[in-house]
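What follows is a short report on a single structure.
Just so it is clear, none of the values below were taken in a lab; they were calculated from the coordinates. All of these numbers come straight from a predicted model, not from anything done at the bench. As a convention, Cβ positions derive from the backbone with ideal geometry for all residues, glycine included, and neighbour counts pool all protein chains shown.
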Amino acid sequence: MQITLHLNGATHDLDLDPRTTLLDALRHHLGMTGTKKGCDHGQCGACTVLMGGRRINACLTLACMAQDAQITTIEGLGSPERLSPLQQQFLDHDGFQCGYCTPGQICSATAMLEEMEAGWPSHASENLDGPFELSHAEIAERMSGNLCRCAAYANIVAAIQQAAGTTDHREDAA
Amino acid sequence: MTRHLRVDGPTHDDRLDHMAQGILGQPLNRLEGPLKVTGWAAYAAEARPANMVYGVLVQATVPAGKVLEIGDAPGALAVIQDKRMVRYAAQGMDQKGPTSGPDQIEYMGQAIALVVAESFEAARHAAQNIAVRYKVSSVPVEPEAVTPELPPKKQSAAGDVDKAMREAAVTLDQVWHTPSQMSAAMEPHAAIAEWDGDQVTIRAALQMLSSNRKQMADALGIKEQNLRLLSPYVGGGFGSKLGINAEAVSAAIAAKELGRPVMVAMTRQQVFDLAHRRSETRQRIRLACDADGRLTGIGHEVLVSNLPSSEFTEPVAQATPFTYQAAHRQVVHAVARIHRGCAGSVRAPGEAVGVTVFECAMDELAEAAGIDPVELRLRNIPDVEPTTDRPFSSHKLAEALREGARLFGWSNRKPTGQQVEGEWMIGMGMAAAVRVNMLVESRARVTLTQDGQAVVETDMTDIGTGTYTILGQLAAEMLGLPIEQVEVRLGDTNFPPASGSGGSFGAASSGNSVYLACEEIRGQIAKAMDCDEADLTLQDGMARAGNVARLLSDLIDGQISGEGHLQPGKTEKSHRQATWGSHWAEVAVNRWTGEVRVRRMMGVFACGRVLNEKTARSQCLGGMTFGIGIALTEAMEHDSRDGHAVSRDLAEYHIPTHADVPPLEVHFLPERDAYVGPLQAKGLGELGICGAGAAVLNAIHNACGVRVRHLPATPDKIVAGLKD
Ligand code: FES
Ligand code: FES
């Protein structure tokens with residue numbers, strides 16, 4: 001079937017098997033392999049991308065469901081020469097080891113900080129309306145959909161805390 | 001030219017401490033980091049050669065028997081059944097391919113065929129719907145249901161532990177169980193194979209390319225020279241990618257047959273079925289001590305399992321012979337031959353579960369003897385390896401215990417069950433950390449160009465361990481260059497063969513080979529300077545000796561290159577080599593639900609020279625978090641009827657996530673180990689896991705008085721032990 005994806009500010013017309021997930025459309029058909037496949041079942045968060053600004057699991061989303069939506073992947077957040085504030089902090093705090101969960105962690109954290117600013121509470125929040133403290137417990141709770149077997153967790157939380165101090169979380173986001 | 005070193009003796013001069021560049025050990029950011037945080041680093045399944053097609057593995061749905069017939073696969077290009085396809089993964093450092101012949105089924109879930117189609121969706125659909133006829137045989141799948149083997153080499157005894165137990169003032173005799181565990185690296189195994197005539201290139205997720213190349217050539221029946229393996233980035237290993245596995249072998253076979261590049265990626269569930277599991281263990285520990293807590297007897301009787309045709313057995317009691325002193329000792333190592341998925345190395349094979357359980361036993365003994373757990377350990381540290389009288393290459397356990405107790409605030413620990421905050425019971429626990437250390441043969445090439453650029457090439461891998469960065473730092477230090485002027489190329493069998501990443505030996509082994517290659521280059525520079533290599537100072541692109549200073553670029557005509565070749569030698573035998581440390585944990589246990597929250601955790605580690613403080617710390621964080629998983633959440637359950645893995649994805653097999661892991665603290669003890677090569681560095685990728693879980697379990701006991709000996713300590717088990 002014919003699908004149009006709006007991805008990182010560009011438009012792609014694709015002819016896809018209707019069973020194709022957004023994740024496989026990115027990885028197999030567009031060669032955008034920054035978004036990772038860790039489980040294909042919504043269990044690990046490695047495939048996290050932003051759809052309409054919200055974090056979703058690309059493996060649980062059929063490509064056809066993304067028709068007309070604005071999708072941002074890790075490649076849309078920054079580049080090796082121009083890192084987003086979160087990418088820079090992940091680098092400085094060693095918020096990764098093998099790097100495989102990392103794009104998902106960074107996409108997730110990007111949206112997570114916006115959710116906090118928008119006043120969305122979490123299980124760990126002290127109140128329901130915000131503002132929320134950027135505590136370890138608050139960040140860890142909100143990031144728990146992103147597994148990291150290398151277990152860079154302590155460093156990831158530190159990176160997010162540091163990056164949250166800077167206002168613009170996305171560099172080139174669509 | 002190649003500089004070769006067999007580590008036959010000690011290196012006492014701390015040469016690397018006196019180099020001029022001052023870059024080694026520094027907490028530099030990872031060299032490849034910008035590629036990883038932007039998604040540009042390309043892992044195994046992340047290339048798209050023209051004309052590529054997709055393969056999906058078909059798995060056996062019976063525990064044992066024979067495949068009689070495989071049906072059609074509508075919509076597929078081919079169903080590949082080839083007698084060269086492997087039944088399970090090769091073990092680390094195997095020199096040959098693993099057992100092949102997929103139509104003989106040894107365990108449920110074994111790969112029996114590959115379905116290839118133009119699209120991944122079509123291949124998956126066909127593989128899931130293919131009809132297979134089997135001749136089913138009945139086989140044992142429960143370790144306790146068979147009479148185990150007792151491999152003679154794995155048993156040891158001195159004195160009489162029974163007698164020690166009878167005569168001791170204080171004794172302990174308990175049995176622990178740990179379940180099968182999975183490495184569960186975040187990148188599922190994947191491969192892309194492409195042929196050009198007789199030559200095949202396989203891009204794959206592998207930890208040890210030089211031995212993987214031998215395994216793969218043997219499995220495919222081709223010459224090693226005709227095979228190139230590429231693993232520039234590996235999304236975690238933890239043992240699961242030590243040996244070649246079904247996806248890469250079948251991708252190569254299919255690609256040849258179809259004349260097109262083939263990608264095969266395992267599903268997460270297939271990783272659980274096909275990657276090696278850590279064997280479940282049953283461990284009986286007997287300890288005897290006098291009234292002062294001095295051990296007189298140590299018994300460690302272990303039962304593990306594996307397939308009848310696989311040689312690997314989890315070396316659970318590997319550290320038991322040398323960790324503590326006692327006159328009477330016994331290690332029994334039994335292996336049940338059963339038909340669960342193949343067992344193999346998972347991060348810190350042996351100590352990860354062996355030291356963890358042993359350190360729980362020490363905690364119980366301390367309680368029984370009425371001695372502080374730290375003190376009990378301090379009283380039993382041997383001067384030399386007890387079973388052999390060999391000296392230790394270095395020994396920092398006592399310091400790690402004392403320093404850890406001070407840093408953690410151990411003196412604030414309350415008696416069992418005495419610290420309560422509302423519905424939470426708080427406790428502290430500790431454990432010793434110990435892991436055997438080794439070196440493995442490794443080679444590297446370093447090239448220095450006239451414009452002051454150094455290139456390091458070796459088929460070593462970086463599986464998240466920091467190899468790119470530490471090898472770059474080493475070359476920069478040795479050659480007097482800023483880190484920006486060093487490029488490190490890894491993960492390609494066209495480069496000199498390295499140790500690979502495994503058993504915590506990667507950094508020291510490959511690091512020493514780069515050190516040697518740089519020494520060779522320094523020798524050539526010294527010649528051009530007409531001085532002794534030892535008198536040469538290289539810094540910021542300048543060479544200095546005495547009062548002569550020259551630009552490196554003036555000394556080099558074109559480029560110079562050197563190879564380094566490291567081999568382990570006599571110190572392997574002459575000295576007991578190990579890394580040491582201590583683990584500390586504070587937990588809160590909910591008195592109603594039995595939920596355990598780890599509140600803080602700390603590790604103190606001694607691993608010789610630290611090559612990069614930042615990446616080294618991350619390695620330890622990773623290990624400690626594995627320990628939390630072992631203690632609290634990780635269990636791969638097997639169906640008692642057919643042995644298949646029941647918890648075979650990340651929703652059922654619970655690795656720790658963000659909310660499970662508190663802020664963790666890591667401290668390194670300064671150390672130079674003279675017996676492990678000129679780098680004086682030991683491994684630390686695994687030390688962090690060895691005993692970490694015991695600190696958590698011992699803290700649970702201190703909090704609420706419950707001892708969980710069937711790991712993991714899930715809330716149901718804790719609630720069952722709580723007094724109302
Ligand atoms: S790959 Fe989508 S959540 Fe794991
Ligand atoms: S960095 Fe390896 S899984 Fe997170």
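Of all DSSP bridge pairs formed entirely within the protein assembly as shown, close to 75 percent run antiparallel. Note on B:Q450 and B:A720: the extension gain reaches 90.1 nm, defined as 0.36 nm multiplied by sequence separation minus the Cα-Cα distance. Cα to Cα, under 12 Å, and not fewer than 8 places away if on the same chain: which aspartates and glutamates meet these conditions relative to B:K570? The reachable aspartates and glutamates, counting only those whose Cα sits under 12 Å from B:K570, are B:D8. Around B:A432, with a cut-off of 9 angstrom between Cβ atoms, what is the net charge of the other residues, counting Lys and Arg +1 and Asp and Glu -1? Summing Lys and Arg as +1 and Asp and Glu as -1 gives 0. When only the Cβ of Lys, Arg, Asp and Glu is charged (+1, +1, -1, -1), the dipole of the range B:1-132 relative to its Cα centre reaches about 140 debye. The charge dipole of the range B:118-179, taken about its Cα centre with unit charges on the Cβ of Lys, Arg, Asp and Glu (plus for the first two, minus for the last two), comes to roughly 280 debye.
Each residue of the range B:380-387 was assigned a 3J(HN,Hα) from its phi angle through the Karplus curve 6.51 cos²θ - 1.76 cosθ + 1.60 (θ = phi - 60°); the sequence is 10, 7, x, 7, 10, 4, x, 7 Hz, with glycine and proline shown as x.
B:A366 sits among other residues whose Cβ lies under 13 Å from its own Cβ, and their net charge, with Lys and Arg +1 and Asp and Glu -1, is -2.
Computed over the range A:2-77, relative contact order equals 39 percent, with contacts defined as Cα pairs under 8 Å that lie 6+ residues apart. Net charge dipole, chain A: roughly 500 debye, given to the nearest 20, about the Cα centre with Cβ charges of +1 for Lys and Arg and -1 for Asp and Glu. For B:K414, the lysines whose Cα falls under 26 Å of its own Cα, not counting residues fewer than eight places away in the same chain, are B:K717, B:K723. Taking the empirical scaling 2.2 N^0.38 Å for compact globular proteins as reference, chain B has a Cα radius of gyration ratio of 0.98.
When both the range B:484-533 and the range B:290-322 are represented by their alpha-carbon centers, they are found 38 Å apart.
Ordering B:H125, B:M216, B:F605 by the projection of their Cα atoms onto the charge dipole of the protein assembly as shown, which places +1 on the Cβ of Lys and Arg and -1 on the Cβ of Asp and Glu, puts B:M216 at the extreme positive end. Longer than 20 Å from Cα to Cα, which of B:K153/B:K573; B:K96/B:K241; B:K153/B:K214; A:K36/B:K36 are they? Say none if no pair is. Exceeds cut-off: B:K153/B:K214. Placing dummy labels 7 Å off each Cα toward the beta-carbon, the span from B:Q95 to A:D68 is 6.6 nm. Pairwise inverse Cα distances across chain A, averaged and inverted, put the Kirkwood hydrodynamic radius at 16.3 Å. Distance between the C-alpha centres of the range B:1-42 and the range B:651-718: 27 Å, rounded to the whole angstrom. Orientation-averaged projection of the range A:85-168 equals 4.8 nm² [convex hull of Cα atoms, one quarter of hull surface area]. Cross-link reach is defined here as a Cα-Cα straight distance under 20 Å, omitting same-chain residues fewer than 8 places apart; for B:K66 the aspartates and glutamates meeting it are B:D82, B:D103, B:E106, B:D273, B:D642.
What are the ³J(HN,Hα) couplings of the range B:250-267, residue after residue, when phi is run through the Karplus curve with 6.51, -1.76, 1.60 and θ = phi - 60°? Round to Hz, x for glycine and proline. My calculation for the range B:250-267 gives 6, 4, 5, 5, 5, 5, 5, 5, 8, x, 9, x, 10, 9, 10, 10, 6, 6 Hz in order. Where in the range B:291-309 is the amide nitrogen less than 14 Å from a point lying 7 Å along the Cα-to-Cβ axis of B:E144? Flagged as within label range: B:303-304.
Each pair of Cα atoms in the protein assembly as shown enters the Kirkwood radius, and Stokes-Einstein at 4 °C and 1.567 mPa s then converts it into a translational diffusion coefficient of 46 µm²/s.
Converting phi to 3J(HN,Hα) with the Karplus coefficients 6.51, -1.76 and 1.60 and the offset θ = phi - 60°, the range B:358-363 yields 4, 6, 5, 4, 4, 5 Hz in sequence order, with x at every glycine or proline.
For B:T11, the residues 5 or more places off, or on other chains, whose built amide H falls under 5 Å of its own are B:Y675, B:V676, B:G677.
When the P(r) is computed for the range A:2-77, the part past 15 Å accounts for 46% of the Cα-Cα pairs.
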